[in-house]
Amino acid sequence: MEWIIIFIVAVVVVGFVALYNRLIRLRNRTDNSWAQVDVQLKRRYDLIPNLVETVGGYAAHESETFEAVVAARSAAQAAHGVDEQGAAENMLTGALRKLFALAESYPELRASENFQSLQADLGDTENKIAVARQIYNDSTLTYNNAVQTVPTNIVAAIARFSTRPYFETDDGERSAPQVRF
């Protein structure tokens, strides 16, 4: 009889450890996915000053648009957490759309090799951000499902694992900014 109790306790402990380790792996995968989003966002932030400077050379009198882009970039860089980052990125995307709309008024700017290169780099970066967001959200879905479903949710509650937010965009921001003319 006591072997049966020892066996049951051993099975419960092994099960708990296995589920706990699974949660750790999923949480780490989610953290890694967010780090990849962050890398792409930093790449985007690095391109923006060059873009503003290039456009500013042709449209120096449009300082309000440039200031909005710089302010949105600063807010996005200062954002912490997925929800705050999502809101800041939406603001930055809107500011960049205004900058590219402004650039349409300057044919010599659109023909500039430097502008075209920056435009291509930003378009490539926007695509990479979209992929990184998707991977993060997929990882978050898997993690959140594990935290919320039986029997893992029991281990998650005991070990204080909680769900993670998705990196969402506003309905009007579902696509990368148009950077082709």
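The table below gives the values:
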quantity: Considering residues of the range 11-47 that are out of contact with any helix residue (DSSP H, G or I) (no Cβ under 7 Å at 6 or more places or on another chain) and charged (D, E, K, R) only, the residue nearest to residue 131 (Cα to Cα); calculated: 38
quantity: Residue within the range 92-103 that is over 22 Å from residue 43 (Cβ atoms) and at pLDDT below 95 present; calculated: yes
quantity: Filtered residues of the range 24-48 (kept if small (Gly, Ala, Ser) and either surrounded by fewer than 21 Cβ atoms within 10 Å (Cβ to Cβ) or in contact with a Lys or Arg (Cβ under 6 Å, 6 or more places away or on another chain) (or both)); calculated: 35
quantity: Qualifying positions in the range 114-127 - crowded, with 17+ Cβ neighbours inside 10 Å and within 17 Å of the chain's Cα centre (by Cα); calculated: 122, 125, 126
quantity: Residues (under 13 Å from residue 32 (Cα atoms) and touching a helix residue (DSSP H, G or I) at 6+ places or on another chain (Cβ under 7 Å)) located in the range 127-162; calculated: 132, 133, 135, 136, 139, 140, 143
quantity: Members of the range 43-80 found to be over 25 Å from residue 113 (Cβ atoms) and touching a residue at least 12 places away in the same chain (Cβ under 8 Å), listed by number; calculated: 68, 71, 72, 75, 76, 77
quantity: From the options 94, 86, residue that is touching a Gly at 6+ places or on another chain (Cβ under 9 Å) and either surrounded by fewer than 17 Cβ atoms within 10 Å (Cβ to Cβ) or of a type in the set (Gly, Ala, Ser) (or both); calculated: 94
quantity: Criterion: at pLDDT 95 or above, among the β-branched types (Val, Ile, Thr) and either under 25 Å from residue 169 (Cβ atoms) or not in a helix (DSSP H, G or I) (or both) - qualifying residue of 37, 11; calculated: 37
quantity: Of the criteria (1) surrounded by fewer than 17 Cβ atoms within 10 Å (Cβ to Cβ); (2) over 17 Å from residue 46 (Cα atoms); (3) among the small types (Gly, Ala, Ser); (4) within 17 Å of the chain's Cα centre (by Cα), which one residue 57 fails; calculated: (4)
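The values are calculated or read from the model by the stated rules, or taken from the named source; none is laboratory data. Given the structure is predicted, the values throughout are model-derived calculations rather than measurements. FYI the Cβ positions are ideal-geometry reconstructions off the backbone, even for glycines, and counts take in every protein chain you see.
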